[in-house]
Amino acid sequence: MVGAMVVLLLSCVARAADISTGAIDAAWEDDALTFLAATSGPAWLSGAEPLYDLGGASLDAALELSAEPDGQLRIRLVLTNPASTPVQADVRFPTIGGLGTGDGEPLGYFLPALGPILDDEVTTHRRYYGGLLPLQFMEIHQGDAGLWLMTRDLQARDKTFSVGKDEDGFGRFEVEWPHLVVPAKGSTTLDATLGVHDSDWHAALDAYRRWVRTWYQPRAAPKDAFRQAFNLRQLHLHDNEVLGAHPGAFDPETGRFRIQEYLAEDIEQLGGVDWVHIFDWGMDEVHGRVGDYNPWSWLGDPAGLQAEVDALQEAGIGVGLYTDGYLLDTPSLVGQRWGESWELQDSHGEEYTTYAPSWHVCPAVAEWQEHFALRNGRRTELRVGASGLYVDQFGYGYQYPCYRGDHDHSVPSGQLEAERAFVEGLRRSMSPDQVLYTEAGPGDVASQWQDGSFTEAVRSFRDDPRTVPVAIRRFALPLHKTFELLTQDAPLGDDVEGVRLAFFNGEGTRHMGYFEDDAWFSEEALAEIRHAWSVLHTWRAVFAGEDPIPLVDTSVDGVYANLFQDDGHRLWTLYNASGGDVSGEVMRVDSVPEATWEDCWNDAPLAVEEDGGEVVIALDLAAGGVGCVVETRPVPAATLVAHWALDEAGGGTVEDAVGGADGVVWGGGATLGVDGAADRLGTALELDGTSAILLGEVDALSGLTEDLSLAAWIRPDRDDDVMRILAVDGWDDGGLVFGLTRAEGRRALFLTTVGVQDYVLPVVIPTGRWSHVAVVLDSGGSAWFSVDGELRGVVPGDAGGTTTESRWWLGANGTDGHWVGALDDVRVYRGALTRAELRALADITPPLVGEVRAPEEPWADRGQLSLWWPGFYDPGSGIAGYEVALGTSEGSRDLLDWTAVGAEQQGELDGLALPDGTVHVSVRATDGMGQRSEARGTVRVDTTAPALLAEWRFDDGVVPAPVAMDPALERTEDFTVTAWIRPVEEGFQAILGSDEGGWFFGLGGDGDDLVFVTMGVEEYVLAADLPRSTWTHVAVAFDRYSDATFSIDGELAGVVHGTIPAADSSSGFEVGGTAWPWRGGLDEVRLYDGVLDPDEIAAI
């Protein structure tokens, strides 16, 4: 069969391609690919089959194939629905089979699942996108060639990826889109790309990460305290049968918390604790653990727990509080009211019973989303002040599809989209400095709305020979923090291997259980946890770097290595899965001058050897053991010694703004003043291949032989063999030449130290488009090439260049290598540019735009305004700071001109003079290169007191008979009742209330207590020594968080915390009546539409 495939591929090669991307040649006919080949490599396709299957749905379909700037082949399927009702379809797209190069090597494949699959078996691996497969690509390889498929879905739609090979050795890609809904008279587009490589699956991962950087926008700024946390300790406030006899961290008998006491032991046993996760903080003995999260009848005033939380956070330990996005305990008030209507149903119309008897509710229900965001998000933040909020069961995205027809979603629900919308609403309700994390890591798109998650990557890849031991999402989405769940509600025991694998991946670990029971933690496991945490904590900033690389090359089969790095360090973790002890060389890496080395797993200096521009790392690794080495290098500031901005509008000269090495136009084919690479860069120089810029002798360049950086914006307009960017004149007298050439059949960057060495690296640089290119020649003689701010490769060397007295050129070197296209912002540095500096130079886009909102609205203080502006993000040069302006119309600044407010995503403005009504807010973010973006929003300012809806006065304070209230005045939340009362008897008696449903405000108990009751739901009791036969002014304000605030004689008397709003009344409201008539004097009973503050109540 292999021989037949070769013949077929050869016959295909002769066919002219319908499209060429510069890296891929392809042809298609009748909606099928008929030819697919790497432009400078092998053909891949052995046959033709349709690229899509609509499963019989009545939709119009159109394929669009186009070339991407980086050489990928883009394939789009546009589905149009001509009908007047939505159409649901099970779509397969793309489907590409019969893949292989025919070189006789076995075909393998890579699927970046939770446990990444790297295999060559004859089988198909199928994974659901989301928690099990968080990334949108897969890869096939054969010999030295490879092919990847990537979907570009930013809606987090349900989909399944399949990759594998058949019995004939051919590979296959397929993506399924189940239950895809195409709107009535509308269209839906599915988007994918194909790419080729000549290395391994890392090339596919690199391409995927480059795509992610074009859209990934954390909706709240990443938080170092969370990203640099590694030991997460789960605590239980109450006794728990899973934990055995160990008492909880709260004593209900004394009302005393033992959190800090327990944590002191945790720190001793685990080495350190960075984050505390309180599992059952929301439990009360009547309403259960999940649903209400209103535990104050059991825990006492929230101030007690808040004080514990504050103490931990002041000590540098973050605190997260548990919630569940799917479950409501049956006794919970939320469950009693809404559980049945919000409940999920499976495909048989039955309820889910995974955690019966709790209600399993649907995250697509808008009312549940709103309730959770307001009460479990914002309300919890205000009451407890914890660093973060955790949502259990979220992130997997596949376990609870909902088939109910009376919910506002398609049937079945798109669970991934529902969870994403749910989390988005929750994120918006929380302040930007709060952490949001879930049980599983969601798909890549949904990850933008949260800070991290637990993960079961280690449990997914261990003991499976088809997988590799890497937590792939941790490397692909490094801003998303992960903590390994090595067990689920079970003892860790002596699972030393699990601890080591989490360390190998640079991840945190969740720890639950207690130390007096050896089943939970063996001494060996605890020692390993302490050791791992010490290394992770010491090097936490490096582990939290944004450029980790998984599974780099090693010298020993079965020894794996991961790379973590920042601008001053490279750190490798190693894991020995070879089956035996290893002693000696384990890996080789590029040599960096003046670097020092440390074996940080053993806390000792590391002696390394140099060999041909590489460093040889030798270690002793026991079977199943881990190691960690770190390279530390000096990072002196690079000095700009020459800079040709090429901003001249015309004329015959160009200016060196730094070194004075001005140049003159040589030849007639140069045009100054053309559009540059970006607005911030001004204009550019265009050359037609016959002209160049003669710089003459450049002192700053002539003496540079190593430890230098060259950078430029380039737009090559022709795929010529060799084109110079910056070059010395001729090839005989030392100096440097930097430009483009051809290598391995494709475009390459090159640097030549004349007379010493040629450094060549094949890269993708599109024709007719701007790219930023740079090379750093270090003091050891190795060249580090970057494109668009990203390191693309290192070419080793062992010597620098030589000095020269020759002339220098832009766009040629003498009469050779003339540039065709445009050049802009050419720079020369003495010293090595860092990764951050390279990204900044390549940054030509302003920050991604965030949003503006106020945490409370309407705002009721004319002199002060609190604002949030989350979502601004700049992956290039970072955000330097924010400014805020206020006005009476959109974009105006008549209330406050631009005012710097620092680098945080929230702040308070004081000393204002705001008018009532709509205030227009503008927030401007400035990045490290001076580029700006602006978001606008509005805040409603209302300093008027809540409206008086009704007032009831009685002669001499005597209520002759209960007075009915107009039903139109009924409120279930956000209202205030005030009254003058003179009780004469004890017992329940109503000031204003309802018998059935609604609410009741009056006296209770022995007649001395103020009582507010949401009928059939909750009682709010304020113990008060109210006098009898004496007039007293009382008030209750019931807010949108379901808290009741009581006042007596104009003074704040107390707050009682509740759970849900009142229900609608079925009996109507009466003043001084209901089943509990008032006994005594009653006057000036008032109902307000809104919450009065204490000062407003005092003024009544």
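The values are calculated or read from the model by the stated rules, or taken from the named source; none is laboratory data. Bear in mind that the values here come from a model prediction, so they are computed numbers and not experimental data. Backbone-built Cβ (ideal geometry, glycine too); neighbour counts: all protein chains shown.
Every test in (1) modelled with pLDDT of 95 or more; (2) polar (S, T, N, Q); (3) closer than 30 Å to residue 529 by Cβ is passed by residue 189 save one, and that test is (3). State yes or no: is residue 49 crowded, with 18+ Cβ neighbours inside 10 Å and touching a strand residue (DSSP E or B) at 6+ places or on another chain (Cβ under 6 Å)? Criteria not met by residue 49.
Among the conditions (1) assigned to a loop (DSSP other than H, G, I, E, B); (2) of a type in the set (D, E, K, R); (3) farther than 21 Å from residue 75 by Cα, the only one that residue 126 does not satisfy is (1). Taking into account only those residues within the stretch 947-984 that are in contact (Cβ under 8 Å) with a residue 24 or more places away in the chain and acidic (Asp, Glu), which is nearest to residue 1068 (Cα to Cα)? Among those residues, the one meeting the criterion is 970. Annotation: of all residues in the stretch 530-568 being over 25 Å from residue 579 (Cα atoms) and aliphatic (A, V, I, L, M), the one that is surrounded by the most Cβ atoms within 10 Å (Cβ to Cβ) is 536. Of the residues 786, 779, the single one that is part of a strand (DSSP E or B), in contact (Cβ under 8 Å) with a residue 40 or more places away in the chain and of a type outside the set (A, V, I, L, M, F, W, C) is 786.
For residue 763, are the conditions met, namely being modelled with pLDDT under 95, among the hydrophobic types (A, V, I, L, M, F, W, C) and closer than 25 Å to residue 835 by Cβ? Walk me through it before giving the result.
Values: modelled with pLDDT under 95: yes; among the hydrophobic types (A, V, I, L, M, F, W, C): yes; closer than 25 Å to residue 835 by Cβ: yes.
So residue 763 passes the test.
Within the stretch 317-350, restricting attention to residues that are surrounded by 16 or more Cβ atoms within 10 Å (Cβ to Cβ) and of a type in the set (D, E, K, R), the residue that is farthest from residue 267 (Cα to Cα) is 346. Condition first: assigned by TED's automatic domain parsing to the domain that holds residue 812, on the phi > 0 side of the Ramachandran plot, in a loop (DSSP other than H, G, I, E, B) and surrounded by 23 or more Cβ atoms within 10 Å (Cβ to Cβ). Can you find one or more residues in the stretch 732-755 that meet it? Yes, because at least one residue in the stretch 732-755 is assigned by TED's automatic domain parsing to the domain that holds residue 812, on the phi > 0 side of the Ramachandran plot, in a loop (DSSP other than H, G, I, E, B) and surrounded by 23 or more Cβ atoms within 10 Å (Cβ to Cβ).
Any chance you could count how many residues in the stretch 349-375 are among the charged types (D, E, K, R) and over 19 Å from residue 336 (Cβ atoms)? Spell out how you get there, then give the answer.
Going through the stretch 349-375, the residues among the charged types (D, E, K, R) turn out to be 350-351, 367, 370, 375.
Still in the running and over 19 Å from residue 336 (Cβ atoms): 350.
Count: 1.
Tell me, which residue of the stretch 374-402 that is among the aliphatic types (A, V, I, L, M) and over 20 Å from residue 312 (Cα atoms) is surrounded by the most Cβ atoms within 10 Å (Cβ to Cβ)?
At the first step, the residues of the stretch 374-402 found to be among the aliphatic types (A, V, I, L, M) are 374, 382, 384, 386, 389, 391.
Filter again for over 20 Å from residue 312 (Cα atoms), leaving 374, 391.
Details: 374: 16, 391: 25.
Looking at residues that are among the aliphatic types (A, V, I, L, M) and over 20 Å from residue 312 (Cα atoms), I get 391.
Residues of the stretch 1063-1075 that are assigned to a loop (DSSP other than H, G, I, E, B), surrounded by fewer than 19 Cβ atoms within 10 Å (Cβ to Cβ) and on the phi < 0 side of the Ramachandran plot: 1064, 1066, 1067, 1075. Screening residue 944 against (1) within 25 Å of residue 1099 (Cβ to Cβ); (2) surrounded by fewer than 17 Cβ atoms within 10 Å (Cβ to Cβ); (3) in contact (Cβ under 8 Å) with a residue 40 or more places away in the chain leaves a single unmet condition, (3). Among the residues of the stretch 238-268, those that are assigned to a loop (DSSP other than H, G, I, E, B) and surrounded by 14 or more Cβ atoms within 10 Å (Cβ to Cβ) comprise 238, 239, 240, 244, 246, 247, 248, 249, 252, 258.
Count of the stretch 667-690 residues, restricted to those that are touching a residue at least 40 places away in the same chain (Cβ under 8 Å), within 18 Å of residue 807 (Cβ to Cβ) and surrounded by fewer than 20 Cβ atoms within 10 Å (Cβ to Cβ), is 0. Answer yes if at least one residue in the stretch 560-568 is in the same structural domain as residue 584 (by TED's automatic domain parsing) and assigned to a loop (DSSP other than H, G, I, E, B), and no otherwise. Looking through the stretch 560-568, at least one residue is in the same structural domain as residue 584 (by TED's automatic domain parsing) and assigned to a loop (DSSP other than H, G, I, E, B).
Scanning the stretch 26-41 for residues that are surrounded by 20 or more Cβ atoms within 10 Å (Cβ to Cβ) and in a loop (DSSP other than H, G, I, E, B) yields a single hit, 41.
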